Structures are given as C-alpha cells and as structure tokens.
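The structure appears below as structure tokens.
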C-alpha cells in the first residue's frame, strides 16, 4: 500500500476495503458499456465511503467525492455526475452485492460475540431472524405502490436479516417490499442444522413444520390465544424456576382446523421474567412488552425437549441483539436515509451497508459499535492520524496488522 511522506496510509479505505478487492473485477465487468464512465465496482466503493465518512452521506456528496484527486487515485474512480449515478442505481444488479455480503459473512466472526451455549451442539447455528422497515418518502409513493396510501399503509421497503448469535454478525439478508410476508421470506431461506429464534410475528404452523422438515429447530414466542392440548407436564429445575419459569409441558398445538399441521408434540414454556434493559434503544430502558414493574410474561414454543428451560429462556432474551444491530445499522452507520429513491437503488445501498458492517468486523475482530465507527470516521475525515486511529481501535479491538 502506498504511503505519504509521513508514513501514514493515504486513505484508510484502501486497507479497510481489502477483503472486497477480489470481487471488484467481476463488478467492473457487470453491465459494461463503452459509453459508461461509472462502473459497478466504483459505485460500490463510493457507497462504502458514504457510510464511513460523515461528510459523504448524500447523493450529491458522493458525486463530489468522485471528483477528489486522492479518491480517484486511491480507489480507481473517475469523476461522475448526478445523472450517471442515478442511471447506475437503476441498471446494476443488487443481487451481486448480496452475494458478496454472503461470502464475507462466511469469513467474519466477532471475538466478543455470545459464547456457544454448552447444551447446543457446536455445529448448530443459532440464527436470530427479524425484519426492519423503511417508510418511503411521499414523492416515492406513486412509483412504488399505488395501493399503499389508499389502504392506509405507507409503501416502503423491508430488510429481513439472519443474525448469527455466536459469531455476532449478520449471515443472511433479503430486501423486499414493505408489504412482503416475513414468514414466506424466511420459509424460502431455511438452512439445515440451525436454531431459528424468532418473535411471535413469525407464528405459522406451516413455517414451523418447514423448519422441522429442513432438519432444524425453532424457538418462538407463542401467542396467548395459541390453542394447545396438554400431553404431560415436565419438572422444573431450581435454575429454571429462579429464571422465572413456572410451567413447562409437552403439548399438541392447533385448533381443530389446524390440528396435525405440526407433526410432533412441542414444548411450551411459560415464564415471567425481566429481560435485559436496552437503555440505548428504548426510552427509559424498559422492554416494550414489560409492565410497570419491568416484568414480561413469555410463552415460548420449541421442538427442543433436551435443553434446560432456563437455557431456552436465555436464548430468547438474546433475540433483542438483532434489534440492537438494526439500531446501529440505521442510526450509527447511517442507513436510515435514502441515497437512492428507487427499489433497485435502495437494495444497492442496503447491501453495500451490510458489506460495510462486515468489513468492520473483519478489520477490528469485534462487533460493530459506536466507538469503532467514530474512530473510522475521525480518520476518514482527516481529524485523526493513523497512529491515533490505531489507539482508538485498540481500546475496542485486538491489535491491528
């Protein structure tokens, strides 16, 4: 890597983006045309800069970045225009960026992630799945969904994310319309030997049976009105009772029209507990389902008969970590604003942001957080030297190469 006279790297982005360099050749060849001055690899690098440099957060600022000599030399981009970037956001295929994200997700692992639980087989992935929404800008309504405003629902976009609890990184993602069914999206993305931890919005007997047919397991928060027939009650250990479990039983679920959709008995756990407060996410630090005392009544359904009830309760409490990632993703990384205002362009910016999140993990060895992002942004904007940047990162991460 070339260095300036002071011995500092010219741009942190050169080393920071090293894990994706092997993909840029294929991106450059995508939709190549003799008249095209902005290629897919160049747009991707400019999008990454927009997330890690607070001065490059809008479309116009991205265009301005492409005109900087140091950026052109270090990142191999050419000066571009608003028209070129806008046209590129409609032409380039976001699936290529999603595939890069999936490839990097196989390599990334945060050392400060949750340790693998003792009773869960080492080869089993614990995947927390949830979705987050972006409401479209009013000027986008007509192009996105004519039926949205008339039905009272605002059109927009949804990201469904699979988050590996024991590696601390997202491992799967799909961007779709805000009206898409999260249950169907998950049903199309199931893997073997995975524990899916989901909230009650995913309650579907067909989906749960599909998970079992795939050779995986689930832990889901049940609904109060879930019909069940008791087979037998299970003894409650002292540890489980201390954790808040007051009922543990094997049941058959489903009313008469739905009976038999799940082809095996399930385990139902009832507990009253206090989930960890998320002071940086919920005002006052109280879980949204908690009462005035901070206690939450939970009904959990799972096919795992062999794990302790207190472990299952602990695993479900970790489900909130995906909400924390969404908070970081939107408000710290900055992926809550629309850089592009088309469906294709929005998918491009979201997958680029997910690639950026994985680059943080690959570069620092730890889960993305505010301190690491601020260190990167201070250096990218020129306020911190490379030596100061390494000191700031070292407080949160292992030694940099």
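The values are calculated or read from the model by the stated rules, or taken from the named source; none is laboratory data. All values derive from a computational prediction rather than experimental measurement. For neighbour counting, all protein chains shown are included, and Cβ atoms are generated from backbone atoms with ideal geometry for every residue, glycine included.
With the condition kept exactly as written, say whether any residue in the stretch 166-179 is surrounded by fewer than 17 Cβ atoms within 10 Å (Cβ to Cβ) and touching a residue at least 40 places away in the same chain (Cβ under 8 Å).
Filtering the stretch 166-179 down to residues surrounded by fewer than 17 Cβ atoms within 10 Å (Cβ to Cβ) leaves 177, 179.
Right, trim to touching a residue at least 40 places away in the same chain (Cβ under 8 Å) and you get 177.
Scanning the stretch 166-179 turns up at least one residue that is surrounded by fewer than 17 Cβ atoms within 10 Å (Cβ to Cβ) and touching a residue at least 40 places away in the same chain (Cβ under 8 Å).
Take residue 182 and decide whether it is assigned by TED's automatic domain parsing to the domain that holds residue 40, out of contact with any helix residue (DSSP H, G or I) (no Cβ under 6 Å at 6 or more places or on another chain) and free of Cβ contacts under 8 Å to residues at least 60 places away in the same chain. Write out each step before concluding.
Numbers: assigned by TED's automatic domain parsing to the domain that holds residue 40: no; out of contact with any helix residue (DSSP H, G or I) (no Cβ under 6 Å at 6 or more places or on another chain): yes; free of Cβ contacts under 8 Å to residues at least 60 places away in the same chain: yes.
No: the conditions fail for residue 182.
Would you confirm, using the coordinates I've provided, whether residue 5 is at pLDDT below 80 and either surrounded by fewer than 14 Cβ atoms within 10 Å (Cβ to Cβ) or within 23 Å of residue 171 (Cα to Cα) (or both)? Full working, then the answer.
Values: at pLDDT below 80: yes; either surrounded by fewer than 14 Cβ atoms within 10 Å (Cβ to Cβ) or within 23 Å of residue 171 (Cα to Cα) (or both): yes.
So residue 5 passes the test.
Return the pair list, or none, for Cβ contacts closer than 9 Å from residues in the stretch 26-53 that are at positive phi to residues that are in a loop (DSSP other than H, G, I, E, B), at least 6 apart or on different chains.
What qualifies is 31/39; 31/92; 31/93.
Report yes if some residue within the stretch 144-154 is surrounded by fewer than 14 Cβ atoms within 10 Å (Cβ to Cβ) and within 18 Å of the chain's Cα centre (by Cα); otherwise report no.
Of all residues in the stretch 144-154, those surrounded by fewer than 14 Cβ atoms within 10 Å (Cβ to Cβ) come to 146-147, 149-153.
Among the residues that remain, those that are also within 18 Å of the chain's Cα centre (by Cα) are: none.
No, every residue in the stretch 144-154 fails to be surrounded by fewer than 14 Cβ atoms within 10 Å (Cβ to Cβ) and within 18 Å of the chain's Cα centre (by Cα).
Looking at the stretch 317-401, what helices (runs of 4 or more DSSP H) fall wholly within it and have at least 1 residues that are out of contact with any helix residue (DSSP H, G or I) (no Cβ under 9 Å at 6 or more places or on another chain), under 23 Å from residue 70 (Cβ atoms) and modelled with pLDDT of 90 or more? Walk me through how you get there before you give the answer.
Values: elements: 320-327, 343-364, 370-380, 386-394.
Result: empty, no element qualifies.
Take the residues in the stretch 213-225 that are crowded, with 17+ Cβ neighbours inside 10 Å and within 26 Å of residue 297 (Cβ to Cβ), then tell me which one is farthest from the chain's Cα centre (by Cα).
Initially, the stretch 213-225 is screened for residues crowded, with 17+ Cβ neighbours inside 10 Å, giving 216-222.
So of that shortlist, the ones also within 26 Å of residue 297 (Cβ to Cβ) come out as 217-222.
Working: 217: 21, 218: 19, 219: 19, 220: 19, 221: 20, 222: 23 Å.
Out of the qualifying residues, it is 222.
Can you tell me which of (1) crowded, with 19+ Cβ neighbours inside 10 Å; (2) over 14 Å from the mean Cα position of the chain (by Cα); (3) more than 30 Å from residue 222 (Cα to Cα); (4) touching a residue at least 60 places away in the same chain (Cβ under 8 Å) is the one residue 351 doesn't meet?
It fails just one condition, (2).
Return the residues of the stretch 90-124 that are farther than 15 Å from residue 174 by Cα and touching a helix residue (DSSP H, G or I) at 6+ places or on another chain (Cβ under 7 Å); say none if nothing qualifies. Even if it seems obvious, please write down each step before you answer.
Residues of the stretch 90-124 farther than 15 Å from residue 174 by Cα: 90-92, 104, 106-124.
90, 92, 104, 107, 108, 110, 117, 119, listed by residue number.
Listed here are the residues, each with its yes/no results for (1) part of a helix (DSSP H, G or I); (2) at pLDDT 85 or above; (3) loosely packed, with under 14 Cβ neighbours inside 10 Å; (4) more than 22 Å from the chain's Cα centre (by Cα).
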position: 42; (1), (2), (3), (4): yes, yes, no, yes
position: 51; (1), (2), (3), (4): yes, yes, no, no
position: 56; (1), (2), (3), (4): no, no, no, yes
position: 60; (1), (2), (3), (4): yes, yes, yes, yes
position: 63; (1), (2), (3), (4): yes, yes, no, yes
position: 79; (1), (2), (3), (4): no, yes, no, yes
